[in-house]
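Okay, so here's the structure we're looking at.
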Amino acid sequence: MDRSASLDIEALKMTQEQYMLAAQPNPLQRPPCAQAYPVGIYGWRKRCLYFFVLLLLVTMIVNLALTIWILKVMNFTVDGMGDLRITKQGVRLEGVSEFLLPLYVKEMQSRKDSPLVLQSDRNVTVNARNGLGHLTGQLTVGSEMVEAQCQRFEVRSSDGEKVLFSADEEEVSIGVEKLRVTGTEGVVFGHSVETPHIRAEPFQDLKLESPTRTLVMEAPKGVEISADVGDLKATCRKDLLMQSTEGEIFLNANTIRLGNIPHGTPASPLGPTYPKLTVFELCVCPSGKLYLSPAGTGSTCHTTSNVCLWS
């Protein structure tokens, strides 16, 4: 009990000391508390923030509406845009398309039921280039002419096997069975022409003419001129020369007529006189000139040979 009593007395003393210390004035003064400011956005700043948020929301709505309108007008789909369709084979355009800049394609073809039309206000030019970018071929369709620039130009048949027309720097070849020229003035060749056969249309005349120069027809094995159902006529202003260097000139016909052959006259005025006759003798001068002499009981060529002196 003594121990417990002593503990109570000590606790009482401690309580009294604490009370005394609390009652005494504290020489250390606490600093005054700082003034409290409200946290947040108030006043005109808050109104500006709400205005900008509202403006941003309106802008987003307008942009979304314009995007939907553009998609609707341009007809955007999962396959393409408008008349432009993207397929596994490439790009497909339907309707009329306009290109303002050069178009580079590997292959261009139309639909099976419609033609392919390339149209321009000035000209249409198709270029082909090699791997280095150098121009190797060009096709230009203009208002006045169609121009093709390439190493060799070919026109083939529908199956692609036969060459109908080809042209390069050395020659122009025509591979058709028949070449028809319907112009009224015919065909004008500036140089020689090599062909195995020249024939006119049925019931039409064939005319070979050189207005200011000579006309030469030659062949190593022969030249044949025939008219099966008509006449063959050769005219010239000066001399008509028929020459065979090794063979002969053969005239085979039922009737051979030589017109405007000169008539021979007696060598001297005192020679024999002949009555007007209709039968003559055909004579030949040493130069090959033909002349007619009045027929008699014998040959009269020697009496009328003075015509040979004129040749």
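How about region 129-149: which of its residues are in a strand (DSSP E or B) and surrounded by 12 or more Cβ atoms within 10 Å (Cβ to Cβ)?
129, 136, 137, 138, 139, 140, 141, 147, 148, 149 - these are the residues of region 129-149 that are in a strand (DSSP E or B) and surrounded by 12 or more Cβ atoms within 10 Å (Cβ to Cβ).
Here 74, 20, 1 are screened, and the one residue that is in contact with a strand residue (DSSP E or B) (Cβ under 6 Å, 6 or more places away or on another chain) and either at pLDDT 75 or above or farther than 30 Å from residue 127 by Cβ (or both) is 74.
Candidates in region 166-193 are the residues that are farther than 21 Å from residue 153 by Cα and of a type in the set (Ser, Thr, Tyr); of these, the one that is most open to solvent (accessible area, probe 1.4 Å) is 184. When residue 106 is tested against the conditions (1) over 42 Å from the mean Cα position of the chain (by Cα); (2) open to solvent by 100 Å² or more (accessible area, probe 1.4 Å), the lone failure is (1). Of all residues in region 101-130, those that are at negative phi and charged (D, E, K, R) have Cβ atoms under 8 Å from Cβ atoms of residues that are exposed (fewer than 10 other Cβ atoms within 10 Å of the Cβ) and at pLDDT 80 or above, 6 or more apart or on another chain, in 122/143. For region 194-205, the set of residues classified as among the acidic types (Asp, Glu) and open to solvent by less than 100 Å² (accessible area, probe 1.4 Å) consists of 201 only. Close Cβ contacts (under 8 Å, 6 or more residues apart or on different chains) running from residues in region 240-260 that are over 22 Å from residue 283 (Cβ atoms) to residues that are of a type in the set (A, V, I, L, M, F, W, C) are absent.
If a residue has to be of a type outside the set (Ser, Thr, Tyr) and not in a strand (DSSP E or B) to count, how many in region 154-180 make the cut? Qualifying residue count, region 154-180: 14. Restricting attention to region 150-164 and to residues that are of a type outside the set (D, E, K, R) and open to solvent by 100 Å² or more (accessible area, probe 1.4 Å), the residue that is farthest from residue 108 (Cα to Cα) turns out to be 151.
The values are calculated or read from the model by the stated rules, or taken from the named source; none is laboratory data. All values reported here derive from a predicted model rather than from experimental measurement. For neighbour counting, all protein chains shown are included, and Cβ atoms are generated from backbone atoms with ideal geometry for every residue, glycine included. All accessible areas refer to the heavy atoms of the entire protein, side chains included, with ligands and DNA or RNA removed. Shrake-Rupley method; radii C 1.70, N 1.55, O 1.52, S 1.80 Å.
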